[in-house]
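The values are calculated or read from the model by the stated rules, or taken from the named source; none is laboratory data. Everything quoted here is computed from the prediction, not taken from an experiment. A quick note on method: Cβ atoms are made from the backbone with ideal geometry, for glycine too, and the neighbour counts reach across all protein chains shown. For the accessible areas, the whole protein counts, side chains as well, though only heavy atoms, and no ligand, DNA or RNA atoms are used. Shrake-Rupley method; radii C 1.70, N 1.55, O 1.52, S 1.80 Å.
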Amino acid sequence: MEESLRPQSLMLTFLGEQVLGRDVCVYSGCVIDVFARAGIGEQATRSTLTRMVNRGLLRRQREGRRMYFGLTERSTAVLRDGERRIWHTGAVNRQWDGTWTLLGFSLPESWQRQRHDLRSQLTWSGFGPLFNGLWLAPGEVDVSSLVAELGLSAHVKVFRAHADTGMDIGAMIEETWELSELAARYDAFVDRWQPWETQAPDPDDALTLRLRLQAEWLRLIRRDPRLPVRHLPEGWPADRAEKTFRAVHERLTPLADAAAERLLDLVPVREDQA
């Protein structure tokens with residue numbers, strides 16, 4: 001079940017660890033060295049940096065003959081959201097108050113691309129298809145900007161709802177979301193990372209190990225619609241996986257931070273190039 005991480009996902013995670021909230025930029029040569037340790041070649045790393053600049057996710061800052069990279073407002077917002085998901089929201093939804101967000105849409109048959117884009121964005125936002133044109137997500141989910149960006153506001157209706165008494169919510173959840181696939185992903189994460197709760201990494205590998213750990217964990221929990229745990233199958237593995245993530249992250253962090261001190265060249269952000 002292990003999937004390769006996209007270089008952009010690793011890059012954002014790396015910048016979230018090393019640059020976010022510090023008003024600094026990092027030298028491209030250091031990024032190339034760290035990513036080489038993670039198995040990503042120099043050309044792929046350079047291409048990723050260039051693409052992210054073009055997409056408004058990174059900014060360049062030249063210092064002499066060296067090029068440094070820092071965050072933009074857009075990438076900062078993405079990273080702050082990831083930070084919230086990892087450290088505050090968490091993987092297990094124990095506080096659900098019974099509210100669902102219902103979203104209904106009706107699009108012309110010829111709008112196949114718009115339908116695909118909407119479904120993709122809804123899935124990313126934690127929605128599942130109750131029926132063909134009726135999707136739902138636990139809690140109160142604000143989709144107004146998502147729908148507006150797709151230009152579909154006139155074709156979408158959003159409601160808050162509660163299930164009727166006697167409704168089998170657990171059965172509905174199992175029919176609407178692919179729980180077995182999500183559970184398998186959590187189990188695979190534990191299998192892959194639990195050995196590092198006791199294993200001691202090479203000090204120079206700790207930085208890339210923590211980078212992969214956090215990027216994999218964020219990708220996993222972003223795929224999780226955070227369904228109410230009391231309506232999930234017994235022994236749902238998200239809690240165990242989160243404990244593994246936190247334990248390994250805590251174990252790696254002193255070594256990873258020390259490696260970052262040795263390996264990274266950081267400079268303050270200069271406003272004239274921001």
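Filter the range 180-189 down to residues that are touching a residue at least 24 places away in the same chain (Cβ under 8 Å) and surrounded by fewer than 18 Cβ atoms within 10 Å (Cβ to Cβ), then give me how many there are.
4
Select from the range 37-51 the residues that are modelled with pLDDT of 95 or more and buried (at least 17 other Cβ atoms within 10 Å of the Cβ) and write down the one among them that is farthest from VAL78 (Cα to Cα).
Within the range 37-51, the match that is farthest from VAL78 (Cα to Cα) is THR45.
So, in the range 52-67, how many residues would count as being open to solvent by 40 Å² or more (accessible area, probe 1.4 Å) and either in a helix (DSSP H, G or I) or within 25 Å of PRO201 (Cβ to Cβ) (or both)?
Number satisfying all stated conditions: 1.
Just to verify a result, which residue in the range 190-207, among those that are under 25 Å from the mean Cα position of the chain (by Cα) and open to solvent by 70 Å² or more (accessible area, probe 1.4 Å), is farthest from PHE245 (Cα to Cα)?
So the residue we want is ASP191.
If you check VAL34 against the conditions, is it in a strand (DSSP E or B), surrounded by 14 or more Cβ atoms within 10 Å (Cβ to Cβ) and in contact (Cβ under 8 Å) with a residue 40 or more places away in the chain?
Working: in a strand (DSSP E or B): no; surrounded by 14 or more Cβ atoms within 10 Å (Cβ to Cβ): yes; in contact (Cβ under 8 Å) with a residue 40 or more places away in the chain: yes.
Considered against the rule, which asks whether it is in a strand (DSSP E or B), surrounded by 14 or more Cβ atoms within 10 Å (Cβ to Cβ) and in contact (Cβ under 8 Å) with a residue 40 or more places away in the chain, VAL34 comes out as no.
Scan the range 37-59 for residues that are within 19 Å of the chain's Cα centre (by Cα) and among the small types (Gly, Ala, Ser) and jot them down.
ALA38, GLY56 - these are the residues of the range 37-59 that are within 19 Å of the chain's Cα centre (by Cα) and among the small types (Gly, Ala, Ser).
Please specify each residue of the range 41-64 satisfying the condition of being in contact with a strand residue (DSSP E or B) (Cβ under 8 Å, 6 or more places away or on another chain) and either over 20 Å from VAL24 (Cβ atoms) or basic (Lys, Arg) (or both).
Selection gives ARG59, ARG60, ARG62.
Restricting the range 122-146 to residues that are under 20 Å from LEU220 (Cα atoms) and of a type in the set (Gly, Ala, Ser), which is most open to solvent (accessible area, probe 1.4 Å)?
SER125
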